[in-house]
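One structure below.
The values are calculated or read from the model by the stated rules, or taken from the named source; none is laboratory data. It should be emphasised that the depicted structure is a prediction, and the values quoted were computed from it without experimental measurement. Note that we place each Cβ from the backbone using ideal geometry, even for glycine, and neighbour counts take in every protein chain shown. Side chains included, ligands, DNA and RNA excluded: accessible areas come from the protein's heavy atoms. Shrake-Rupley method; radii C 1.70, N 1.55, O 1.52, S 1.80 Å.
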Amino acid sequence: MSEFEYGMIIAHNAFNRWMQRCMSAAGGADLGPLEILVLHHVNHRDREKRLSDICFLLNIEDMHTVNYALRKLMKADLLVSEKRGKEVFYSASESGRGLCDRYREIREQCLLEPLLQGGNDGEQLRAVASFLRTLSGQYDQASRAAASL
């Protein structure tokens, strides 16, 4: 398990580096990994999202870090918000959607095409993704158990 966890650490750091460099190439040079994840999630399927929706999907307990990312993205004019009652709904602005589109193009060119040319297929990736979701549930359960000690 230690070897697997070390692999996850290395993959996590490589993924964060990739996101930042891809976003920088797309024109979003000042965004950190969390801001990039939040922007992509809010842009996903062109549906408005609440803070709690974003935190739930990204499995983030510290809502204040996501709230800070939302404010940073709004200040950069990549997101817009609308308050309805006590709820605030976020959606990607025109410039936010454009930035995500440019990121997607660079991702296809620099990551997906070489990955597929290397013989990896969608079925393999789906199996790995399923395993990681299962494992994240195990880590969540173990963290709750450790918190009660």
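All but one of (1) assigned to a loop (DSSP other than H, G, I, E, B); (2) under 13 Å from the mean Cα position of the chain (by Cα); (3) farther than 30 Å from residue 138 by Cα hold for residue 23; state the number of the condition that does not hold. Result: residue 23 fails condition (1) only. Go through (1) under 15 Å from the mean Cα position of the chain (by Cα); (2) within 25 Å of residue 25 (Cα to Cα) and name the single condition residue 95 misses. For residue 95, the failing item is (1).
When segment 1-23 is filtered for residues that are within 21 Å of residue 70 (Cβ to Cβ) and open to solvent by 60 Å² or more (accessible area, probe 1.4 Å), only 20 remains.
Looking only at helices (runs of 4 or more DSSP H) that fall completely inside segment 37-149, which ones have 2 or more residues that are among the basic types (Lys, Arg), open to solvent by 50 Å² or more (accessible area, probe 1.4 Å) and within 24 Å of residue 9 (Cβ to Cβ)? Step through it out loud before you land on a result.
Working: elements: 51-58, 63-75, 94-107, 113-117, 122-147.
Hits in segment 37-149: 122-147.
A single member of 146, 142, 92, 129 is among the aliphatic types (A, V, I, L, M) and touching a residue at least 12 places away in the same chain (Cβ under 8 Å), and it is 92. Residue pairs whose Cβ atoms lie under 7 Å apart, separated by 6 or more positions or on different chains, with the first residue in segment 36-53 and under 23 Å from residue 25 (Cα atoms) and the second in a loop (DSSP other than H, G, I, E, B), are 39/78.
Taken over segment 61-89, the residue count meeting the criterion of being among the β-branched types (Val, Ile, Thr) and free of Cβ contacts under 8 Å to residues at least 24 places away in the same chain is 1.
Residue 109 fulfils the conditions (1) under 21 Å from residue 24 (Cα atoms); (2) of a type in the set (S, T, N, Q); (3) modelled with pLDDT under 95 except for a single criterion, (3).
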